[in-house]
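Values quoted throughout were computed directly from the atomic coordinates according to the rules given, and no laboratory measurement underlies them. These numbers come from a predicted model, not from an experiment. All Cβ positions, even for glycine, are placed from backbone atoms using ideal geometry, and neighbour counts span all protein chains on display.
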Amino acid sequence: MRTFFLLIVLAWMTTGTAFGAADNSGSPDLFGRIGNTSSADHHKLAILQGPFKNGPQVTKVCLTCHTESAKHVMATKHWTWNFSNKVTGQNLGKLSVLNSFCGSPHSNWTVCSDCHVGYGWKPNGIPIDARAYDFTNESNVDCLVCHDTTGEYHKSPEDGGQVFDLAEVAMSVGRTSRKTCGKCHFFGGGGDGVKHGDMDSSLYSPNRSLDVHMHAGGLNFNCTTCHTTIGHQIAGSRYTPKAKDLHGIDVPGWTDATRTSCESCHGFTPHPKHPRLNNHARRVACQTCHIPFLARGGKKTKIWWDWSTATRLNSEGKPFSEKDADGYETYTSQKGTFRWASQIVPEYFWFNGLIQYTLPGDPIANERPLKINNISGSYGDSGSRIWPFKVMQGKQAYDPVQHKLLIVHTAGDDDSALWKHFNWDKAIKAGMASVNDTSYSGKYDFVETKMYWPAAHMVAPVADALKCTECHSRNGRLANLTGFYMPGRDRFPLMDTLGWILVAIVSIGSLSHAALRIYFDVKERR
Amino acid sequence: MKKVFIYSSFERFWHWTQAALIVMLMLSGFEIHGSYVLWGFEKSVQLHRHLAWGLIVLWAFAIFWHFTTGNWRQYIPTTQKLAEVAIYYTKGIFEHLPHPYKLTKLRKHNPLQRLAYLFFKLIISPATWISGLLYMYFTEWTAWGLAGYLSLFWVAGIHTAAAFLMMAFFCGHVYMAFVCSPITAHIRAMITGYEEVEEDE
């Protein structure tokens, strides 16, 4: 039955998005099909022959056939950078949250807008802020950034969308790929692998050991194979992760048709020969065992970012940088001190999917490190499972008088950008002004922070998954999760002591008895 | 001295199979408990489960045998000659005095043995069985309506406590097997079924 469902799901996937990446490779997919399965060859469309002067011109042409696509895109987080968490009531999305990497995009559009799926953040090369951006202009939707298949397309730093042969890119459009998604998502936080720990450029063409599903020579999954899309809405969320899938296998017509959980394809009993492991899946996320380490694709991920050391200049009054032996920056005058790591053992926590953010403007809690996002979950909550996390730590600017995190204007060519002028006060004033916040007291300091990033990618095959004793041992990976008994990890110290004493008494008693018997025996024989 | 047939073939089969199972269960069990590394946690868990079922099946047969043959009466405790036997093991044995208790097929255990085996059968075994099965079916507790009444801490604790008692019993039992003359007499009896007893006058 299980295999049957898996086949249905596989068949459904392959008719849709799953193996689009292999379209032009000439090698057959799992069902023996070769070549492009799309119903339209955009090279044959006269309207796409160009020439195009800029991206929005291409978009207008796209919209002549795909009339509703811009509306769909404009309803997504990719466009709005806005997300409302119905449970916590918090307004999230990039326009609202502040992370423990670059902080906030506000006032930093010259860099941050590169990953918005729209044009027009930098008209004539001059960045505008979110208040001035036209979120209603359909021709500002950037179709190509996601649908490019040439790998040539990029938004130039000066003006969104300008490349040399826009027409060729436009005619080559196709399904999204690891490459298009990865362009932003593998480079979050300002560089390759910086942010997530489970996503970096090694996933462009991973081997089986790194990612059993995306394995370029095997299943070759795209991001959208799991992050299914309906009307450009992409399933899966960092703000409201599904910590425990209650649907199981997603059969079309029966469930919500999203596949961003392992159970969507593998069901609730994914280990046919190991019922004990299936039982684990109730309380342990698949990721916990099948993502044995973070950053295991050969790239490092950033684990510490201390902003407080930024703005130091060398003896000539110039910014400088330092690198580790592998070429990773450990200090820059612009950004401060970094620590990097690969093959990281994740940290594990009970997690039910609920995340509460410390938003700019929120009074900060007294705990140190301050939690930029606070994850919920416990052993007693049946909706919680043990999840692996990358825990990002560092120091960030805050207002010690107002007890609030500060938005810092880092990137830009103006006279207040931190990365150009190395003046915190000016940069903070400009950053806070960009969100109309006038509460900055004029005093700033740095607070130690941490941020939780649940890991869900770089899924390992069985051979690389964790073995029992990684957790079922005295000082295993789950040593910090208390409040429940775990075989192999926990003992009963007093009883163990008494138990061994009892065994010792019986044994020593027996041996003494034996010694006495021998003694009297020998004595008698004499 | 004459040879008396004491242990039937089923009893001998039961005894040695149980001994082997319990040794293996203790070895795998204390590895799962984290006391040492032997076969590896994963193998020990699998082994422990399989051995446990083996022991349960064996016990099912043994219980049937005890009741159908009436051998359960062998474990009825008695104070008759209890003190004599205790004195024998702490004093008389060193002076090579004769054992104060004579075995027959109908009374194959001396009063001390009776007490020890009764403790084994009424305390150690049931505690092991019940806690072990609950432990094994931990994930079914909710379905069985037990989740509100049990915690793995207590179930595992009782199972571990029973295991320590089992080990203590085992150590004593193994030693006592050699407390006879010649020292292999009991072992031989447990293999052949025949125990040498002193002839009645």
* To do: Select from the range A:324-380 those GluC sites (Glu not before Pro) which occupy a DSSP coil region and have at most 16 other Cβ atoms within 10 Å, ordered by residue number.
  => A:Glu367
* Straight-line reach from A:Lys273: which lysines have a Cα under 21 Å away, not including same-chain ones fewer than 8 places off? -> A:Lys467, B:Lys43
* To do: Please give the peptides A:402-408, A:319-325 ranked by average Cβ packing (other Cβ atoms within 10 Å per residue), highest first, as a rough proxy for protection.
  => A:402-408, A:319-325
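Could you work out Rg/(2.2 N^0.38 Å) for the range B:2-197, with Rg from alpha carbons only?
So the Cα radius of gyration is 1.16 times the expected 2.2 N^0.38 Å.
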* Asked: Which helices, taking whole DSSP H runs in chain B, have alpha carbons extending 24 angstrom or more along the helix axis plus mean Kyte-Doolittle at least 1.0?
  -> B:152-176
* Asked: Taking only the alpha carbons of the protein assembly as shown, what extent do you get along each of the three principal axes, in Å, biggest first?
  -> 123, 62, 45
* Label points 7 Å out from Cα along the Cβ direction at A:Cys65 and A:Ala515: separation in nm? -> 9.5
* Asked: To the nearest 10 degrees, how steeply does helix A:2-15 sit against the main Cα axis of chain A, on a 0 to 90 scale?
  -> 20
* **Distance between the range B:88-165 and the range A:66-144 - C-alpha centres, whole angstrom** => 69
* Ranked from highest to lowest mean number of other Cβ atoms within 10 Å per residue, what is the order of the peptides B:135-145, A:290-300? -> A:290-300, B:135-145
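Suppose every Lys and Arg Cβ carries +1 and every Asp and Glu Cβ carries -1, with no other charges. What dipole size does the protein assembly as shown come out with about its Cα centre, to the nearest 20 debye?
2020
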* **Cβ-derived FRET efficiency at R0 60 Å, B:Thr142 paired with A:Glu168, nearest 0.05** => 0.50
* Asked: How far is helix A:55-65 tilted, in degrees, relative to the longest principal axis of the Cα atoms in chain A, given as a value from 0 to 90 rounded to the nearest 10?
  -> 90
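Can you give the average number of partner chain beta-carbon atoms within 10 Å of each beta-carbon in peptide B:164-175, as a whole number?
Mean inter-chain Cβ contacts per residue within 10 Å come to 5.
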* So how strong a dipole does the range A:119-237 carry about its Cα centre when Lys and Arg Cβ are +1 and Asp and Glu Cβ are -1, to the nearest 20 debye? -> 380
* **Charge dipole (the protein assembly as shown, unit charges on Cβ, about Cα centre) - positive-most of B:Thr104, A:Ser315, A:Ala514** => B:Thr104
* Asked: Which distance in nm do the two modelled labels at B:Lys91 and A:Glu322 give, with both placed 7 Å along the Cα-to-Cβ direction?
  -> 8.2
* Asked: How far, in degrees from 0 to 90, does helix A:493-525 lean away from the longest principal axis of the Cα atoms of chain A, to the nearest 10?
  -> 30
* Structure fact -> Looking only at aspartates and glutamates whose Cα falls under 14 Å of A:Lys443's and that sit 8 or more positions away or on another chain, we get A:Asp399, A:Asp425
* Average partner coverage of A:493-506, which counts Cβ from other chains inside 10 Å -> 4
* Test item: A:481-489 mean partner chain Cβ contacts at 10 Å -> 4
